[in-house]
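**Q** The structure's right below; bear with me while I get my questions together.
The values are calculated or read from the model by the stated rules, or taken from the named source; none is laboratory data. In this text the structure is predicted, and so the values were computed from the model without any measurement. Here the Cβ is made from the backbone with ideal geometry for all residues, glycine too, and neighbour counts use every protein chain on show.
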Amino acid sequence: MLTHELRTRKECEDFVRGCTIMGTGGGGNPTQGLDKLTRALDEGLKIGWTDAKQIPDDVWVVCPFLMGSIAPKTPTGLAKMKDLGLTEVRYPNTIMAAIQELEIYTGKKIGAVIPGELGGSNTPEPVAQAARLSIPCIDGDYAGRAIPEITQMTPVLFNKPLAPLTSVDEWGNITIVKAAINEPMAERIGKFLAVAAHGLTGMAGVLLSGKECKEVLVAGTLSLCQKLGQTVKEARNRGIDVPIATAEAMAGWIIFKGKVTAKEWEDRVGYYWGTHTLTGIEEFSGQTFKVWFKNENHISWLNNKPFVMSPDLVCMVDRETGEPKTNDAVAEGDIMAVLGAQAPKPFLTQPKGLEVLGPRHFGFDYPFVPIQKLIG
């Protein structure tokens, strides 16, 4: 039933690379995502995805995802974890456990999986777990990029429920959220469970029929990630400018090139917040670029003026190799190219789109100006 299969480690690497690019600085740790895929491959499982059109309307589709901050652990945080007894990993596969707990609680047989977003681990994880469950993973997701809050998933734009939700952390704490009074409370509850666990939790929810799923997803995004990852590799092999080739493959633009000269960050209420400052190189020499992130990149400034912002994509890659970096991995001294691309359509066409992922949602009183108008 797979319409695309990942048969080798190299193909898995390409896929994870593309997912990380589309993760806009967040979306989870790509090393962990690759590990999940290659372990499944080594076990002889068939991993890949299936065109949404092949999914029956009457199957139950689950959305598994990781919840929490990717910020580095601090000595204070590690000490608190020890005091709480969070030292022995009991559930190395929290995503799988969350799916199983949701199936048990609802009594509904799950027939397909769809990622909640694109990112280095938050997309490969559902792909790998679908293979373990011997059910299809749909070629699509519920964001078309990475997002910091489940309130920003496309089902929310179409008034679909997020709950019931299940949460499992690696230490063995299991929680069932039977209901939430609204989407922000579902997000808040999930995040505080991750904060309590001092890390990421595996969650599962947004249980929809195949018909409903196909009405709200962003289609074809897993295939796009595979294409982007291959583009980076092939551009390097051919000796051509990798960021330019990548921008073309994602129908985007290079919006800046520069050296990271400052980074400020904090880990707060389950999110990784901060700002990168870049000083321009090449055609951007003499200019400055800043990008503010809440897990993912959301608001940028070119020469201190508001520039590309969510829901449009702001993606940072190594200037020479084209390898993407998550925000926790970006460091002062890095030489980066910044790519920009248009927002997934639901965020521009649905009434709630800009409300949940536009600049004002993040506390910035800026009008959203589409990237094509800024660049064009």
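**Q** In the set A79, A98, which member is closer than 26 Å to V177 by Cα, of a type in the set (A, V, I, L, M, F, W, C), assigned to a helix (DSSP H, G or I) and not assigned by TED's automatic domain parsing to the domain that holds D318?
**A** Details: A79 fails: closer than 26 Å to V177 by Cα.
Answer to the selection: A98.
**Q** Got at least one residue in segment 265-277 being touching a Phe, Trp or Tyr at 6+ places or on another chain (Cβ under 9 Å), closer than 22 Å to G28 by Cβ and not in a strand (DSSP E or B)?
**A** Scanning segment 265-277 turns up at least one residue that is touching a Phe, Trp or Tyr at 6+ places or on another chain (Cβ under 9 Å), closer than 22 Å to G28 by Cβ and not in a strand (DSSP E or B).
**Q** For the list (1) closer than 20 Å to R145 by Cβ; (2) buried (at least 24 other Cβ atoms within 10 Å of the Cβ); (3) among the hydrophobic types (A, V, I, L, M, F, W, C), I need the number of the one condition that I47 fails.
**A** Looking at each condition in turn, I47 falls short on (1).
**Q** Which condition number in (1) surrounded by fewer than 22 Cβ atoms within 10 Å (Cβ to Cβ); (2) touching a residue at least 40 places away in the same chain (Cβ under 8 Å); (3) more than 24 Å from F15 (Cβ to Cβ) is the one that V308 fails?
**A** (1) is the only condition that V308 fails.
**Q** Select from segment 50-82 the residues that are within 20 Å of L200 (Cβ to Cβ) and surrounded by fewer than 19 Cβ atoms within 10 Å (Cβ to Cβ) and list them in ascending order. Break it down stepwise before answering.
**A** Let us first name the residues in segment 50-82 that are within 20 Å of L200 (Cβ to Cβ), namely 62-82.
Passing the criteria: P72, K73, T74, P75, T76, G77, L78, A79, K80, M81, K82.
**Q** Still on this structure: Starting from segment 241-262, keep only residues that are more than 14 Å from I335 (Cα to Cα), then list their pairs with residues that are basic (K, R) and part of a helix (DSSP H, G or I) whose Cβ atoms are within a distance under 8 Å, requiring at least 6 positions of separation or different chains.
**A** A249/K227
**Q** Just one of T231, T246, T288 is in contact with a Leu (Cβ under 9 Å, 6 or more places away or on another chain), buried (at least 22 other Cβ atoms within 10 Å of the Cβ) and of a type in the set (S, T, N, Q); which is it? Spell out how you get there, then give the answer.
**A** Details: T231 fails: in contact with a Leu (Cβ under 9 Å, 6 or more places away or on another chain); T288 fails: buried (at least 22 other Cβ atoms within 10 Å of the Cβ).
One residue alone meets the criteria, T246.
**Q** Looking at G33, G44, which is the one that is in a helix (DSSP H, G or I) and either under 15 Å from P124 (Cβ atoms) or not β-branched (V, I, T) (or both)? Write out each step before concluding.
**A** Working: G44 fails: in a helix (DSSP H, G or I).
Exactly one of G33, G44 is in a helix (DSSP H, G or I) and either under 15 Å from P124 (Cβ atoms) or not β-branched (V, I, T) (or both), namely G33.
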